[in-house]
Amino acid sequence: MSLLKSISGIRGTIGGEVGENLTPLDIVKYTAAFATIMAEGKATPRIVVGRDGRISGPLVQQLVMQTLVGLGVEVIDLGLSTTPTVELAVPAEKADGGIIITASHNPREWNALKLLNATGEFIDASIGRKVLQLAEEQSFQFAPVEKLGTIITKDYLEYHLEAILSYPLVDKDLIASRQLKIVVDAINSTGATYVPALLKKLGVHHVTVINETVNGHFAHNPEPLPEHLRGLCEEVVRQGADLGIAVDPDVDRLCFVNEDGTLFGEEYTLVAVADYVLSKRKGNTVSNMSSTKALRDITLSCGGVYTPAAVGEVNVVKKMKETQAVIGGEGNGGIIVPDFHYGRDALIGIGLFLSHFAGQEKAMSGFRNNYPNYFISKNKIELPAGVNLAALLDKLAIKYKKQPLNKEDGLRIEFDQDWVHLRASNTEPIVRIYAESDLETKATNIAQQLLRDIRENSLSES
């Protein structure tokens, strides 16, 4: 069905033809290529491996770990874990890299290898190109029998949670004082273990978990979008809870539900957390250019500088380092706290968000009213085979040449106070079209116009 190679890792559907899907042979060659590059010059290379709860996880993990053993690598096996936990474990273990086995928000037939460097951050584009080239060449040197690697099993859940409790802006006592009642949608993955454990440590003792069995049989589409969270919204109202929490299968994305069953809005997860952080420490912020302009508004009001980045965690992290941002992330509910670690982390996001929420007496719906009501229309389209996306975007840039344009990542067009961003997805074979305005109808109309432009120009291309 699909095999995608990008800054977001090696991602594909399980089964099918080699080179066209994520098959066992593909898993072995990309693992071997990555390990060969990361282990270069190391006497006893070490790599951390963890996975989310999806169905194919055990299969992929065993292939990955045994390939590493065959290369003479010492494997630190975290088993069922989260993406941010593996990111923290890599530097803690003084490892040479990490592999997270997860396809994030993709449906259950997908899996992926997310690749980390020695600092626990995603590998950059230059290393990524080397991995892809070596995987195609398949010139690997495996270890003789007396130098095979080993597997050491460790659990980093407590390490991760204690690090959150120790973070200076997480106020455990304040959160506990609110005696919150929370419903969690764990989407049948490792959030079912990690999120309730964190809430308990934060003094939240009234926790209900839905979709809590960690079996990868996702109860709904695992991307935490409004149309997929109706069950959580209904359960929050049914329980009379203060709020709901939803994470994706690898627990790097985070969104909230208000007490009345309405959505806080995934775009506003980062906005609320940034508002809290900026109230405690002045500084700059970064988000990707498909994220709400509300973050820019808050940053400017606090005297900081907001900088947009290309979509993709590695791009956001790079821009955060360049601008010395104190908080950043992506509008899909990804929170990056640089002095915690440079990676999207729903768990530190929960700690910071609840610290902010607990510091005032409003219900969640009232808390949401602290922020503007911008609307983002999120759309996607599959292009006909053979269409050159770069050429298509060039045509659109000519059509809208009188508007301010940004070509750093696809094409972003500014319309007075509104914007639209078109780009190829890093994780699916589609083009995403996001548009934002102060009115939902305006955002929808802008997105629909660009969709029409794409269809018209695609027909002329194909």
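Side notes on the structure shown:
- Residue list for the range 235-256, filter: in a strand (DSSP E or B) and either surrounded by fewer than 20 Cβ atoms within 10 Å (Cβ to Cβ) or more than 21 Å from the chain's Cα centre (by Cα) (or both): Leu243
- Going through (1) in contact with a Ser or Thr (Cβ under 9 Å, 6 or more places away or on another chain); (2) in the same structural domain as Thr323 (by TED's automatic domain parsing); (3) acidic (Asp, Glu) one by one, Glu361 falls short only on (1).
- Condition check for Ser425: among the polar types (S, T, N, Q), crowded, with 19+ Cβ neighbours inside 10 Å and closer than 26 Å to Gly312 by Cα: no
- Residues (farther than 22 Å from Glu87 by Cβ, under 24 Å from the mean Cα position of the chain (by Cα) and touching a residue at least 40 places away in the same chain (Cβ under 8 Å)) located in the range 20-55: Ile55
- When Leu300, Leu278, Leu232, Leu270 are screened for being in a helix (DSSP H, G or I) and under 14 Å from the mean Cα position of the chain (by Cα), only Leu270 passes.
- Verdict on Pro224 being in a loop (DSSP other than H, G, I, E, B), surrounded by 24 or more Cβ atoms within 10 Å (Cβ to Cβ), outside the structural domain of Ser425 (by TED's automatic domain parsing) and modelled with pLDDT of 95 or more: no
- Only one of Leu132, Leu174, Leu161 that is at pLDDT below 95 and either surrounded by fewer than 22 Cβ atoms within 10 Å (Cβ to Cβ) or within 21 Å of the chain's Cα centre (by Cα) (or both): Leu132
- Per the conditions (1) among the acidic types (Asp, Glu); (2) at pLDDT 95 or above; (3) in contact with a Ser or Thr (Cβ under 8 Å, 6 or more places away or on another chain), the sole criterion not satisfied by Asp339 is (3).
- Contacts under 8 angstrom Cβ, first residue in the range 323-334 being at pLDDT 95 or above, partner surrounded by fewer than 24 Cβ atoms within 10 Å (Cβ to Cβ) and hydroxyl-bearing (Ser, Thr, Tyr), 6 or more apart: Thr323/Thr307; Ala325/Thr307
- One residue alone among Gly349, Gly333, Gly359 is under 15 Å from the mean Cα position of the chain (by Cα) and at negative phi, and that residue is Gly349.
- Members of the range 92-107 that are over 13 Å from the mean Cα position of the chain (by Cα) and at pLDDT 95 or above: Ala92, Glu93, Lys94, Ala95, Asp96, Gly97, Gly98, Ile99, Ile101
- Some residue of the range 199-210 being hydrophobic (A, V, I, L, M, F, W, C), modelled with pLDDT of 95 or more, outside any helix (DSSP H, G or I) and surrounded by fewer than 17 Cβ atoms within 10 Å (Cβ to Cβ): no
- Applying a threshold of 7 Å to beta carbon distances and a minimum spacing of six or more residues, or different chains, the list of pairs starting in the range 261-279 at a residue that is closer than 22 Å to Tyr434 by Cβ and modelled with pLDDT under 95 and ending at one that is part of a strand (DSSP E or B) and not aliphatic (A, V, I, L, M) reads Glu266/Cys255.
- Residue pairs meeting the criteria (Cβ under 6 Å; at least 6 apart or on separate chains; first more than 14 Å from Leu232 (Cβ to Cβ) and part of a helix (DSSP H, G or I), in the range 172-194; second among the β-branched types (Val, Ile, Thr) and modelled with pLDDT of 95 or more): Tyr194/Thr82; Tyr194/Val251
- Matching entry among Ile27, Ile37, Ile47 (being buried (at least 24 other Cβ atoms within 10 Å of the Cβ), hydrophobic (A, V, I, L, M, F, W, C) and in a helix (DSSP H, G or I)): Ile27
- For the range 423-462, residues that are in a strand (DSSP E or B) and either at pLDDT 95 or above or of a type outside the set (D, E, K, R) (or both) total 7.
- Subset of the range 378-417 that is part of a strand (DSSP E or B) and of a type in the set (D, E, K, R) - its residue that is surrounded by the most Cβ atoms within 10 Å (Cβ to Cβ): Arg412
- Residue check, Val420 at pLDDT 95 or above and surrounded by 13 or more Cβ atoms within 10 Å (Cβ to Cβ): yes
- Listed conditions (1) over 30 Å from Glu158 (Cβ atoms); (2) in contact with an Asp or Glu (Cβ under 8 Å, 6 or more places away or on another chain) are all met by Ile336, apart from (1).
- Residues satisfying the stated conditions in the range 358-371, i.e. surrounded by 14 or more Cβ atoms within 10 Å (Cβ to Cβ) and either at pLDDT below 95 or polar (S, T, N, Q) (or both): Ser365, Asn370
The values are calculated or read from the model by the stated rules, or taken from the named source; none is laboratory data. Since this is a predicted model, take the numbers as computed values, not measurements. Positions of Cβ are backbone-derived with ideal geometry, glycine not excepted, and every protein chain shown enters the neighbour counts.
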